[in-house]
Amino acid sequence: MNHPRIQCFAHLFPLLLLLIFSLAASVTSQEVEILFSDYVHFLYVAEDEREFDYVRGSGMGPEHWGDLKREWAMCKTGKMQSPIDLLHRRVEVVPKSEEIHKFYKPSKATLKNRGHDIEVKWKGENSKIEINGSDYILRQAHWHSPSEHSINGQRFAMELHLVHQSQDRKIAVIGLLYDIGHSNPFLEKLMKKIKSISDPSEEVDIGLINPEEIEMGGNNYYRYMGSLTTPPCTEGVLWTIATVSKEQVALLRETVHDSAEENARPLQAVNGRKVKLYALRTPREVGDGTL
């Protein structure tokens, strides 16, 4: 697919918001391989790759997360877990789009190979987003392959998570779904640095990185209540989502050298949760998948 589409969805509740937008962007398979990542939240998720994995039958895979530690029990007992499949026939279409206001600026950052993923961590508080009157400071970004969320049963090549935090410690994550296609400009700038940190736990300064260069997509998005997608699977985080290319996907995977071929949590039960689609298009257009 030469012109893949990126879907971003929005989810908002007292603790968690997930946003998924529509936009045209892509990555190469090599870029996806290199960024092949394990979504570990910078505040609440385990940093040690040996504490959990994505390998079936390993004893530490997604089906066992809730039993590995007492504080991870929510991964097993939670009723509002993420990710989920966003089916158009289940959504409530709301003919009005609420905007997410971005205030991103170039900031010093570090790049780290955490063994299970590649993480970009920004220093200071120069960049933020505003949602419903609340500010969320950009903290870090990491990648999952394949995408964790799906749309009408379709998963994408990769999913980028931009993690933000408010002063009262609420979390907002912007997620971007990527299909294979042209090289992604943001990832292209990181490729050489990513190739140079093949050793797990290695972290390097990468100078000024401008998150404004990450395309966020259009005004359409889904909103539902969910959770972190890695231990401890906390049900109370703010999210947003978009895409990459074939070479970029491949590069991410090669750099991480994880024993698993993917680092995406399986889809979780909806459990009757309401999913709203804030769109400027008609329900028929939404039903046709033309976000």
Practice prompt. Kindly indicate whether any position in segment 128-143 is aromatic (Phe, Trp, Tyr) and farther than 30 Å from ARG89 by Cβ.
Written response: yes
Item to complete: Please verify whether segment 173-193 includes one or more residues that are assigned to a loop (DSSP other than H, G, I, E, B) and modelled with pLDDT of 75 or more.
Response: no
Fill in: Positions within segment 136-181 being surrounded by fewer than 24 Cβ atoms within 10 Å (Cβ to Cβ), in contact with a Pro (Cβ under 9 Å, 6 or more places away or on another chain) and hydrophobic (A, V, I, L, M, F, W, C), in sequence order
none
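Is it fair to say ALA250 is on the phi < 0 side of the Ramachandran plot, in a loop (DSSP other than H, G, I, E, B), modelled with pLDDT of 65 or more and more than 15 Å from the chain's Cα centre (by Cα)?
no
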Worksheet item: Can you name the residue in segment 45-90 that is within 21 Å of the chain's Cα centre (by Cα) and more than 22 Å from HIS144 (Cα to Cα) and is also modelled with the highest pLDDT among such residues?
Response: LYS79
Worksheet item: Across segment 225-243, which residue is nearest to MET80 (Cα to Cα) among those that are of a type outside the set (A, V, I, L, M, F, W, C) and modelled with pLDDT under 75?
Response: THR240
Practice prompt. Would you mind stating whether SER82 is touching a Pro at 6+ places or on another chain (Cβ under 9 Å), surrounded by 21 or more Cβ atoms within 10 Å (Cβ to Cβ) and hydroxyl-bearing (Ser, Thr, Tyr)?
Written response: no
Worksheet entry | Only one of VAL120, VAL93 that is farther than 30 Å from SER196 by Cβ and either free of Cβ contacts under 8 Å to residues at least 12 places away in the same chain or among the aliphatic types (A, V, I, L, M) (or both) | VAL93
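The values are calculated or read from the model by the stated rules, or taken from the named source; none is laboratory data. Please read these numbers as outputs of a predicted model, since none were measured by experiment. When we count neighbours, we look across all protein chains shown, and the Cβ atoms used for this are built from the backbone with ideal geometry, even at glycine.
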